[in-house]
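What follows is a single structure, written as structure tokens, with notes after it.
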Amino acid sequence: MNQKRITDDLNEFMGVLPPHIAQAVEKANDSDNLLEIVLDLGRVPFARFVNREVQLSENEITRDEIDLIVSRIGDFDADNRAGLERTLHRISAIRNRHGVIVGLTARVGRAVYGTIDIIQDLVESDKSILILGQPGIGKTTMLREAARILAEKKRVVIVDTSNEIGGDGDVPHPAVGKARRMQVAKPSLQHEVMIEAVENHNPEVIVIDEIGRELEAAAARTIAERGVQLIGTAHGRTLENLLINPTLSDLVGGIESVTLSDEEARRRGTQKTVLERRSPPTFDVLIEIKERDYLIVHPDVTTAVDALVRGQPPLPEVRQRTVDGEIKIKKATAKPTGTLPTSGLRRPANGSKKEKEMEAPEPQRTFQEEYSRSQSRTTSLQPQKVFAYGVARNRLQQAVKRLGVPAEIVKDIGEADVLITLRTYYRKRQRTIMDAEAHGMPIYVLRANTVHQMEEALAEMFNLAVERSPNNREQIEADTQAAIEAVLNGQRWVDLPPAAAHIRRLQHEMARQAELVSHSYGKDPARRVRIFRE
């Protein structure tokens, strides 16, 4: 049985810190649980451990101390991240408006060997695998180990957007084994590097972390169609919520409403309008990481998606590693409930590592009901006439069609209810924009002339955010943390779902603790928090 082995290169990490701060960390005597060290100009430094925070000095951080650390690490990239060569440690910078570094977050990176045994049979099966899970649960660690194992027998290329898989510097960390690594200059170019890897370097396997944009999903499909095995992670936590995500649903085949003929509807015994999978999934296997040693595996994504859209629960495998290192695999049994399958696959409340029994599912909406609720938000909305100023109308029409919103694109601003424009035009205060503002017309500003940006603006216009339970603090914190991680990983901003005032306060506090900026937008009950970099 494989045993876990952890490599953290902690001596190199301590070596970049001022001596008195490194000594204070060592004095805390809990290096195995050290997550990161926070150093802000004019404030006292502190260390974050798994379950606590420790102040490291009574003295405030000085300019000389920040400059000392910066001089000992690599160059900062466009995403304000640097590292230590051939380690997995990451140092992120906070800059003032003049570009001067005024704060550092030094995060410990660890290579954990022996984590892949729980899914090693799937990794070595030549199937493409998509891994989902909340931030910090071990997705990247599992990717790194999969790359190392596969590179023993195959040509493996890692597309490393933020150097979290292979570490900083030109030479990848030993934890990736023989796998080759391609770095990405900017997160927005990740999809281009994915295609470049296939076209130029003849890989048998591509490893990619955090597929989060439409172009990356399209690149993943292109790679899969060329016969290359994909091992990747994506923003999302379950197969169900990935399916109703318009940006990433193509990774698992996507869904669409289909109108059947009378004869076909009678033959199937269904209504005339049904949901069907739109295309073959990009990934063959989907893994939901619930806990580090507890996974839900959909070994055949095609079958699982088809079951969901037909109102039947898919039959995933439950895989867990016991305290003794034994791997146990248990398949779910079919139940005529029509409820989502993962509701019956829960850990015992006491966190026991013993084998779990299949619990009775809790009453909840079927996938069709959940999908219908998301679609009903578009069919019951007030139609809007949209004037596109400097925005590609054909792309905007494509975004309208994809979201199914009742938006009509007009050529005369006098007919319009709202205006959509680009940030470059808005900053120049064009006459058309100033007139629209003077008449109180809502204006939606896009960062780029892309379909994805237009979809986000339309979603905000028609308030298409997924509804959340206001009382589920754990879910709210998890979703907010996922948004924070997305921004830290290069996404410019993330809008959270509309929430009550007390929830928004919690979201603002979490963003502040992550040293990000957050603002509230809109009016109640649709007021929401946006998290972004300063």
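So the values come out like this:
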| item | result |
| --- | --- |
| Total charge dipole magnitude, segment 5-111, about the Cα centre, Cβ charges on Lys, Arg, Asp, Glu only, Debye to nearest 20 | 240 |
| Under the Debye formula (equal points on every Cα, no solvent term), log10 I(q)/I(0) of segment 382-458 at q = 0.26 Å⁻¹ | -1.32 |
| Relative pair counts by distance (%), Cα atoms of segment 5-111, 10 Å bins | 14, 52, 30, 4, 0 |
| Potential lengthening between residue 78 and residue 125 on full extension [0.36 nm per residue; Cα-Cα distance subtracted] | 13.2 nm |
| Between segment 394-408 and segment 222-292, the Cα center-to-center distance that results, in Å | 21 |
| Surrounding net charge for residue 247, when Lys and Arg each add one and Asp and Glu each subtract one, Cβ distance under 12 Å | -3 |
| The chain: relative contact order as a whole-number percent, Cα under 8 Å and 6+ apart | 8 |
| Cα-centre dipole for the chain with unit charges at Cβ (Lys and Arg positive, Asp and Glu negative), debye to 20 | 900 |
| Cα centroid separation - segment 419-452 against segment 152-216, whole Å | 37 |
| DSSP bridge orientation in segment 114-346 - percent antiparallel, rounded to nearest 5 | 50 |
| Equivalent-ellipsoid semi-axes of the chain, from the Cα gyration tensor, Å, largest first | 37, 33, 23 |
| Stokes-Einstein D in µm²/s, Kirkwood radius over Cα pairs - segment 208-272 at 10 °C with 1.306 mPa s viscosity | 116 |
| Theoretical gain in end-to-end length, residue 506 to residue 521 [0.36 nm per residue, Cα-Cα removed] | 3.9 nm |
| Net charge, residue 447 excluded, C-beta distance under 11 Å - Lys, Arg +1, Asp, Glu -1 | +1 |
| Ranking of 282, 222, 105 by count of other Cβ atoms within 10 Å, fewest first | 222, 105, 282 |
| Pairs of alpha carbons in segment 8-71 whose separation is greater than 17 Å (percent) | 35 |
| Cα Rg, Dmax, segment 114-346, angstrom units | 18.5, 63 |
| FRET E, pair residue 218, residue 430, Förster distance 30 Å, beta-carbon r, rounded to 0.05 | 0.40 |
| Relative contact order, percent, segment 473-532 [alpha-carbon distance under 8 Å, six or more residues apart] | 38 |
| Cβ-based exposure ranking for 411, 328, in which fewest neighbours within 10 Å come first | 411, 328 |
| Cα-based equivalent ellipsoid of segment 473-532: semi-axis lengths in Å, sorted from largest, via gyration tensor | 17, 12, 10 |
| Local net charge near residue 418, Cβ-Cβ under 13 Å (Lys/Arg +1, Asp/Glu -1) | -4 |
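Where a number appears in this text, it was derived from the coordinates with a stated rule and is not lab data. Computed from a predicted structure; not experimentally measured. With ideal geometry, Cβ positions are generated from the backbone for all residues, glycine too; neighbour counts draw on all protein chains shown.
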